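Structure record follows, encoded as structure tokens.
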Amino acid sequence: MVSAIPFRKTDLEEFLQSYFYKGFQSCISLQGDAGLRSYYRIKTSDKSYILMDCPPTYCRIDPFIEIADYLRSQNFSSPEIFHFDSEKGFIILEDFGDVSVKNVIQNSPHDLHLRKNIYSSMLDALILLQQNLPGFSLKIYDNNLLLNELKLFTDWYILYRLKRNLSNIELDDFKDIWQGILNYQLAFNNCLVLRDYHVENIMYLESYKGIKSLGLLDFQDAIIGSPIYDVISVLEDARIKVPRAFALDCLKYFATEKKLELPDVLVDYHILGAQRNLRILGVFARKYIRDKNSNYLRYIPLVLEYLNYDLSHPIMLKLKNWFDKIIN
């Protein structure tokens, strides 16, 4: 029997029966993501699958399927799609196992050679990914979208941290500062951005080497944007601390391989890093306030540590002053 949201239970069981008409041995609930998707591992007598349950009222599954197919066509390791129902929001997909890149790193905390190889592979995958664009349409990560995402911070983290809303003057100052900051970006929005490209969302496929060993997941929110964004997702990961010196070495490697000037990369890194970390603070606060889920609060100190670095660039001075005045 499947443990599911009651009003979707019948739909879910009908969907499973339409593919596993011979039945299956077990269906075990797995840890979900920060959204409303649920995941299950289904085992038959000879194979294991993953079931994604994504309520259509939350988001459509079509982008996940489209991007998964595209990634496989480009020789990346993304899960094969075996069966789906776009109207109901269910997918049966390839099981990449239980071992994430995060697990590999945490299980060998002193193996610096292993960590360097893994991060080099993750950056190499981005460099290769950014060489082409998919033939289908995706949103552009333009300044309006970046600004709109910051509402998560002003609506939820401010309420969590200050126990009040921002005044109109404080909010207007915040928006004006960001309008100015975003105009300093140097890189063009000309790359596929997976957006949730970090060690917990990348499975370690031991039977492969290099880029193919990275099992890509959680890319349904992909967009066209800066080549720097996914690099930040890797190097400012809320769930595992990346030492600053190591992160800077990785940035130098990425800049060299992309034939970009490091100072230019750093400008966009600080701008988009601050934007991303403010958005994440809002997401984690919303999970606590709205969804009564305190699990993500433990990541906030590390996100603030990354944010403090992002605000250290001279371009970010006005925002740092605003943050120090309002938050600290």
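Would you point out the residue of segment 237-265, among those that are of a type in the set (A, V, I, L, M, F, W, C) and touching a Ser or Thr at 6+ places or on another chain (Cβ under 9 Å), that is nearest to Leu317 (Cα to Cα)?
Taking the candidates together, the pick is Leu262.
List every residue pair whose Cβ atoms lie under 6 Å apart, where the two residues are 6 or more positions apart in sequence or sit on different chains, the first residue falls within segment 154-169 and is within 15 Å of Leu278 (Cα to Cα), and the second residue, located anywhere, is among the basic types (Lys, Arg) and at pLDDT 95 or above.
Pairs found: Trp156/Arg286.
Quick one: is Asp268 in contact with a Ser or Thr (Cβ under 7 Å, 6 or more places away or on another chain), touching a residue at least 12 places away in the same chain (Cβ under 8 Å) and either crowded, with 22+ Cβ neighbours inside 10 Å or over 29 Å from Cys59 (Cα atoms) (or both)?
yes
Out of segment 277-328, which residues are among the charged types (D, E, K, R), closer than 19 Å to Pro243 by Cβ and touching an Asp or Glu at 6+ places or on another chain (Cβ under 8 Å)?
Asp310
If I ask for residues that are buried (at least 16 other Cβ atoms within 10 Å of the Cβ), among the small types (Gly, Ala, Ser) and more than 18 Å from the chain's Cα centre (by Cα), which ones from segment 52-96 would you list?
Gly89
When you go through Lys102, Lys43 one by one, which is the residue that is surrounded by fewer than 20 Cβ atoms within 10 Å (Cβ to Cβ), at pLDDT 90 or above and under 29 Å from Asn132 (Cβ atoms)? Before the answer, list the steps.
Numbers: Lys43 fails: under 29 Å from Asn132 (Cβ atoms).
Checking each option against the conditions leaves just Lys102.
For residues that are assigned to a loop (DSSP other than H, G, I, E, B) and over 23 Å from the mean Cα position of the chain (by Cα), scanning just segment 168-198, find the one that is nearest to Ile271 (Cα to Cα).
Tyr184
The values are calculated or read from the model by the stated rules, or taken from the named source; none is laboratory data. Just so you know, these numbers come straight off a predicted model, no measurement behind them. Here Cβ is always computed from backbone atoms with ideal geometry, including for glycine, and neighbour counts include all displayed protein chains.
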